[in-house]
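S.K.: Have a look at this one before I ask anything.
The values are calculated or read from the model by the stated rules, or taken from the named source; none is laboratory data. As the structure is a prediction and not an experimental result, all values here were calculated from the model. Don't worry about glycine lacking a Cβ; one is built from the backbone with ideal geometry, like all the others, and counts go over all protein chains shown. Surface accessibility is based on the protein's heavy atoms, side chains included, excluding ligands, DNA and RNA. Shrake-Rupley method; radii C 1.70, N 1.55, O 1.52, S 1.80 Å.
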Amino acid sequence: MNDFRRIMIAIIRAGIFLAACNGRNGEEVEQEIQSEIALSDIAWDDYNSGNVWETWLYFCFSDGTVVDKELPYMSMVKKVDYADITGDGTDEVLIYRYFANTATEYTLINFFQIEENRVTEISPELELEELADDVWNVIDADFLKEEYDMPVLMMESYVKENMVTYADKRVLVGYQDGGWQILERQTYDYKSDN
């Protein structure tokens, strides 16, 4: 990356930080946040803002601290939600994103733990090496709540061959005992169907 581009990106990020904390970012989230999370706002810079190379989140705390996190994939933030994934009594931040590539469209969810103005991503793809090399569409797994006594996600990856997209792998992951675990896995034999 040339020096001019680095300088321009730094200037743009600095402007976004200030706008996010002052509530002027057009992409900010208007949500009530639990008092124990101490966040005043979450803003972002995604492909709707003209930045087509990367997606950035800006966690603004009530004391004026801003923590920025770069997310993989050029995406659009669709929703911010809160849920106690870790079971510690404090809600984590869930960032729902839209991503599309030549294979298909995806719903991506990034999970963030907030502790004393620190933001730590605890998404399954970061904790489970088996998931690290694929893009995973996250499918609503509410129907599994009675079967498993933990938060559960159904995740599916895809491949494209001869201009046709196929489901490649499906996993169920659950958060228990301080981390994500793979509960079930399935690999499809899409080549035998051709």
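S.K.: What about SER157, is it open to solvent by less than 80 Å² (accessible area, probe 1.4 Å) and in contact with a Lys or Arg (Cβ under 8 Å, 6 or more places away or on another chain)? Spell out how you get there, then give the answer.
M.R.: Details: open to solvent by less than 80 Å² (accessible area, probe 1.4 Å): yes; in contact with a Lys or Arg (Cβ under 8 Å, 6 or more places away or on another chain): yes.
Yes: the conditions hold for SER157.
S.K.: Let me ask something additional. Tell me, please, whether a residue that is open to solvent by less than 10 Å² (accessible area, probe 1.4 Å) and in a loop (DSSP other than H, G, I, E, B) can be found in segment 72-87.
M.R.: Checked segment 72-87: at least one residue is open to solvent by less than 10 Å² (accessible area, probe 1.4 Å) and in a loop (DSSP other than H, G, I, E, B).
S.K.: Being of a type in the set (Phe, Trp, Tyr) and in contact with a Phe, Trp or Tyr (Cβ under 7 Å, 6 or more places away or on another chain) narrows it down to one residue among TYR166, TYR175, TYR96; which is it? Walk me through how you get there before you give the answer.
M.R.: Values: TYR175 fails: in contact with a Phe, Trp or Tyr (Cβ under 7 Å, 6 or more places away or on another chain); TYR96 fails: in contact with a Phe, Trp or Tyr (Cβ under 7 Å, 6 or more places away or on another chain).
Result of the check over TYR166, TYR175, TYR96: TYR166.
S.K.: If you check THR90 against the conditions, is it in a loop (DSSP other than H, G, I, E, B) and either in contact with a Lys or Arg (Cβ under 7 Å, 6 or more places away or on another chain) or surrounded by 17 or more Cβ atoms within 10 Å (Cβ to Cβ) (or both)?
M.R.: Values: in a loop (DSSP other than H, G, I, E, B): yes; either in contact with a Lys or Arg (Cβ under 7 Å, 6 or more places away or on another chain) or surrounded by 17 or more Cβ atoms within 10 Å (Cβ to Cβ) (or both): no.
No.
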